[in-house]
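Reviewing the structure listed below.
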Amino acid sequence: MIAAAAVAGCSGYRPAPAAFHEALYQPYVLDAGDNLRVTVFDQENLTNTYSVDQAGYIAFPLIGSVPARGKTSKQIETDIASALRQGYLRDPDVTVEIDRYRPIFIMGEVGAPGQYSYVPGMTVQKAVAAAGGFSPRANQGTVDITRGINGKVLTGRVVTSDPLLPGDTVYVRERLF
């Protein structure tokens with residue numbers, strides 16, 4: 001009976017797939033919730049901060065909706081510049097920077113579960129610290145992370161020193177003993 005319970009408890013183990021860690025070394029792709037700082041040289045009325053909406057677009061003056069989901073900031077620069085060349089500006093100089101990343105979510109055995117701002121270089125430990133630390137019942141060795149990769153949602157178990165990406169959901173499990 002005890003052996004069956006132990007095996008059942010282990011059956012939920014999901015090691016992180018290879019793509020999980022490979023995503024850490026890929027260029028950052030935009031998604032809903034990101035804020036972009038778009039600078040158009042010598043065009044004060046176009047230089048501003050723009051949000052990527054739930055549909056994955058930014059609303060840009062003169063040219064309308066610009067698709068952003070799944071693109072890098074360099075690709076958005078090129079898209080905006082080419083659209084502005086179509087009858088608006090002769091040779092636009094466009095720069096796009098990420099002003100604020102989409103948030104991360106922390107659930108489970110932490111002091112204050114919820115939504116938190118992502119900071120570049122954030123690890124699981126830093127995110128848990130922002131969420132009030134581990135609860136007394138928390139498993140402090142590993143956590144489950146749910147991450148969107150190439151249009152798929154993957155969940156894997158990682159150690160607390162692993163880095164996070166914007167949009168990740170961290171679940172701190174309860175320890176058994």
Could you give every pair whose Cβ atoms fall below 9 Å, whose first residue belongs to the range 32-43 and is part of a loop (DSSP other than H, G, I, E, B), and whose second residue is of a type in the set (Lys, Arg) and surrounded by fewer than 15 Cβ atoms within 10 Å (Cβ to Cβ), counting only separations of at least 6 or pairs across chains?
none
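Can you name the strands (runs of 3 or more DSSP E) wholly within the range 51-106 that have at least 3 residues being outside the structural domain of LYS126 (by TED's automatic domain parsing) and under 15 Å from PHE41 (Cβ atoms)?
Details: elements: 57-60, 64-67, 94-100.
Of the strands (runs of 3 or more DSSP E) lying wholly inside the range 51-106, those with at least 3 residues that are outside the structural domain of LYS126 (by TED's automatic domain parsing) and under 15 Å from PHE41 (Cβ atoms) span 94-100.
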Would you pick out the residues in the range 143-161 that are crowded, with 18+ Cβ neighbours inside 10 Å and free of Cβ contacts under 8 Å to residues at least 40 places away in the same chain?
VAL143, THR160
Of everything in the range 70-84, what is at pLDDT 95 or above and surrounded by fewer than 17 Cβ atoms within 10 Å (Cβ to Cβ)? Give them in sequence order.
THR72, LYS74, GLN75, THR78, SER82
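Condition check: surrounded by fewer than 13 Cβ atoms within 10 Å (Cβ to Cβ) and of a type in the set (Ser, Thr, Tyr). Does SER135 satisfy that?
For SER135, the condition - surrounded by fewer than 13 Cβ atoms within 10 Å (Cβ to Cβ) and of a type in the set (Ser, Thr, Tyr) - is not met.
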The number of residues in the range 141-169 that are over 14 Å from the mean Cα position of the chain (by Cα) and not in a strand (DSSP E or B) is 4
Got a sec? Which of TYR118, TYR50 is within 21 Å of the chain's Cα centre (by Cα), buried (at least 18 other Cβ atoms within 10 Å of the Cβ), aromatic (Phe, Trp, Tyr) and within 22 Å of PHE20 (Cα to Cα)?
TYR118
Inside the range 30-58, can you point out the residues that are within 13 Å of ARG100 (Cα to Cα) and among the aliphatic types (A, V, I, L, M)?
LEU30, ALA32, LEU36, VAL38, VAL52
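Based on what the data block shows, is ALA112 in contact with a Leu (Cβ under 7 Å, 6 or more places away or on another chain) and at pLDDT 95 or above? Spell out the reasoning first.
Details: in contact with a Leu (Cβ under 7 Å, 6 or more places away or on another chain): no; at pLDDT 95 or above: yes.
Spelling it out, it is not the case that ALA112 is in contact with a Leu (Cβ under 7 Å, 6 or more places away or on another chain) and at pLDDT 95 or above.
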Looking at (1) surrounded by fewer than 18 Cβ atoms within 10 Å (Cβ to Cβ); (2) not assigned by TED's automatic domain parsing to the domain that holds ALA18; (3) not aromatic (Phe, Trp, Tyr), which is the only condition LYS126 fails?
(2)
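The values are calculated or read from the model by the stated rules, or taken from the named source; none is laboratory data. Not measured: the values here are computed from a predicted model. Glycine gets a Cβ as well: all are built from the backbone with ideal geometry, and neighbour counts include every protein chain shown.
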